[in-house]
Amino acid sequence: MTHAVCPGSFDPPTLGHLDVIGRVAGLFEQVTVAVLINPDKRGLFTVPERLELLRVATAGWPNVSVDSFHGLLVDYCSAAGIGAIVKGLRAVSDFEYELQMAQMNHGLTGVDTLFLPTSPAYSFVSSSLVKQVAGYGGDVSRLLPDVVSAALASKAGQR
Ligand code: PNS
C-alpha cells in the first residue's frame, strides 16, 4: 500500500483539501490527487484550471502528483496501480455517504478506503460554500491556497 489517491471535484481546492493531501503525503510513498471529469456538471473552474491550481498548491510535496479521471474511481485505481483511496471527513454528516461509497468501491474491486479527519480549523469549509460566499463578495482568502484566492478573484472580475 504505497500509492494512494485523493479523489474529488476540487472546484476549487481549499485549505481543507490541502490539509488532508499534505497529511496523506506523509503517510504514503506516492499520492495522486485525482479530479473527477463530470460531463453532467459544469463547475466554476474547468478541469484543466483545477489541475493547474492543484499543481501549484501541492508543489511543495514531491511525492504528490495531479491527474484527472472519468468513469469509475475503482477503474482508475486499478489502471494506475493504486491500492488505497483516502477521503477527508469533516463531520459525522460526511460519514454516511462516504461509508456507502467506500463499501461499494470495496465490493467492486476490493480497493480499500481510509478516512482522515480534517483539521478542526477547516471542518466547516467546502468548495461550494466558498464559491457562494465569494460570489457575494465575502472574504474567504484565509480558507484557500493563495493561488486559488487569486483565481477566484479573477473569475469574479470576469463576471
Ligand atoms: O469532491 P466530491 O465531489 O465529494 O468527490 C466525489 C468523488 C469524485 C470522489 C466521487 O463522486 C467519485 O468517486 N466519482 C467517480 C464515479 C464513481 O466511481 N462512482 C461510484 C462511487 S461508489
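The values are calculated or read from the model by the stated rules, or taken from the named source; none is laboratory data. Nothing here was measured: the structure is a model prediction, and the numbers come from that model. All Cβ positions, even for glycine, are placed from backbone atoms using ideal geometry, and neighbour counts span all protein chains on display. Surface accessibility is based on the protein's heavy atoms, side chains included, excluding ligands, DNA and RNA. Shrake-Rupley method; radii C 1.70, N 1.55, O 1.52, S 1.80 Å.
With the crude spin-label approximation of a point 7 Å out along Cα→Cβ, what separation in nm comes out for Leu108 versus Asp40?
With each label point 7 Å from Cα toward Cβ, the separation is 1.3 nm.
Report the FRET efficiency, 1/(1 + (r/R0)^6), for Gln158 and Gln30, where r is their Cβ-Cβ distance and R0 is 30 Å, rounded to 0.05.
The formula returns an efficiency of 0.25 here.
Could you please state, rounded to a whole Å, how far the C-alpha centre of the stretch 75-148 is from the C-alpha centre of the stretch 7-37?
Value for the Cα centre distance between the two parts: 8 Å.
State, to one decimal in nm, how far the label point of Ala79 lies from the label point of Trp61, with both points 7 Å from Cα in the Cβ direction.
2.3 nm
Once amide H atoms are placed 1.01 Å from N in the peptide plane, what residues at a sequence separation of 5 or more from Thr118, or on another chain, have their amide H within under 5 Å of its amide H?
Distant-sequence amide H within range of Thr118: Leu89, Arg90.
Which of rounded, prolate, oblate describes the stretch 1-42, given a ≥ b ≥ c as roots of the alpha-carbon gyration tensor eigenvalues and a/c under 1.5 marking rounded, otherwise prolate only if a/b is larger than b/c? Before the final figure, lay out the partial values.
Numbers: a/c = 4.86, a/b = 1.69, b/c = 2.88.
Verdict is oblate for the stretch 1-42.
Given a Förster distance of 30 angstrom, what is the FRET efficiency for Gln132 paired with Gln100, based on the Cβ-Cβ distance and rounded to 0.05?
Taking R0 as 30 Å, the efficiency between Gln132 and Gln100 is 0.70.
Can you give me the P(r) profile for the chain? Cα pairs, bins 5 angstrom wide beginning at 0, each as a whole percent.
2, 9, 19, 21, 22, 16, 8, 3, 1, 0
Using a 1.4 Å probe over the heavy atoms of the protein chains, calculate the carbon and sulfur portion of the accessible area of the chain as a whole percent.
Taking all protein chains in place, the chain shows 56 percent carbon and sulfur surface.
Counting only residues 5 or more places away or on other chains, whose amide H sits under 5 Å from the amide H of Gly83 once H atoms are built in the peptide plane?
Thr2, His3
Taking the solvent-accessible surface of protein heavy atoms with a 1.4 Å probe, what is the per residue accessible area of the chain in Å²?
Value returned for the chain: 55 Å² of accessible area per residue.
Please list 3J(HN,Hα) in residue order for the stretch 53-62, calculated via the Karplus relation 6.51 cos²θ - 1.76 cosθ + 1.60 where θ = phi - 60°; whole Hz, with x for glycine and proline.
Calculated HN-Hα couplings, in order: 4, 5, 4, 5, 5, 9, 4, x, 10, x Hz.
Would you pull out the residues with amide H under 5 Å of Ser68's amide H, same chain only if 5 or more places away, H placed 1.01 Å from N?
It is Val35, by chain and number.
Of the listed peptides 30-43, 103-116, what is their order by residue-averaged count of other C-beta atoms within 10 Å, with the highest listed first? List each step's numbers first, then the result.
Working: 30-43: 16.2, 103-116: 14.3.
Sorting 30-43, 103-116 by mean packing, highest first, produces 30-43, 103-116.
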